[in-house]
Amino acid sequence: MKYIFRFIIFLIALFNLMSQVGFAQEVYVCVWRNPERTMTRIFKDATDYRTVTKKISSEQLKIIEKKLGNKLLPGQRETYQYYEMLNSTGAVLGYIIAASQKGEYGAIEFVFGLDINRKINGIYIQRARERDKEFKKEEFLKQFQSIGIEDIDKLEIGKIIKAKKTVGTTAILLGLKKELIAFDVLGK
């Protein structure tokens, strides 16, 4: 009887563990790592920043996903966050967006800036586990300089971006499109 009871407890624990694993889900949220050290990497005159978090309504979500032609990843469907870069007088210089997109071996995290005219003025890869290094190359990342929200439709390899099509380059392009569309719908 004692062994049967232990066996039943073991089975209950096993099924409980299996059900939790079965419902596990990847979440793609990007945290801007070391903002005080890295904000001047994109905005040389930045002395401070302000975090802006916007709630995404179901209507806004539909608009974003329709414009993107793709679903937002888990963790990106409820809130949208960006950072206003401030100079020494408190004036807004532009915006930093910390983004993540699904790669082959996990999330690819990247950070980019938008100037006041909503044009990309810098981008860097914050973290990635990809074996593919094409998307990390300076010549690939420099191509995004001065691309604006109005250029989203051209943001493809072969149009205005010259690069080898890899999982990494495709993830960066999709991630940039997603973030630019979301900023346009939810931002300033």
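The values are calculated or read from the model by the stated rules, or taken from the named source; none is laboratory data. If you're wondering where the values come from, they're calculated on a predicted model, not measured in any experiment. Neighbour counts run over all protein chains shown; Cβ positions are idealised from the backbone, glycine included.
Going through region 137-183 one residue at a time, which ones are of a type in the set (Asp, Glu) and in a helix (DSSP H, G or I)? GLU138, GLU139, GLU150, ASP151, ASP153, GLU179 - these are the residues of region 137-183 that are of a type in the set (Asp, Glu) and in a helix (DSSP H, G or I).
Every condition in (1) assigned to a strand (DSSP E or B); (2) at pLDDT below 90; (3) over 15 Å from the mean Cα position of the chain (by Cα) holds for THR51 except the one numbered (2).
Please work out which one of (1) more than 15 Å from PHE183 (Cα to Cα); (2) loosely packed, with under 13 Cβ neighbours inside 10 Å; (3) of a type in the set (Lys, Arg) is the condition LYS66 fails and give its number. The single condition LYS66 does not satisfy is (1).
Mind checking which pairs have a first residue in region 31-53 that is surrounded by 14 or more Cβ atoms within 10 Å (Cβ to Cβ) and a second that is β-branched (Val, Ile, Thr) and assigned to a helix (DSSP H, G or I), Cβ under 7 Å, 6 or more apart or different chains? From region 31-53, the pairs are ALA46/THR40.
Looking across region 156-169, the residues that are surrounded by 19 or more Cβ atoms within 10 Å (Cβ to Cβ) and under 16 Å from the mean Cα position of the chain (by Cα) come down to GLY168, THR169.
Of all residues being of a type in the set (Val, Ile, Thr) and not in a strand (DSSP E or B) in region 73-127, which is surrounded by the most Cβ atoms within 10 Å (Cβ to Cβ)? Just the residue, please. Checking each candidate, the answer is ILE116.
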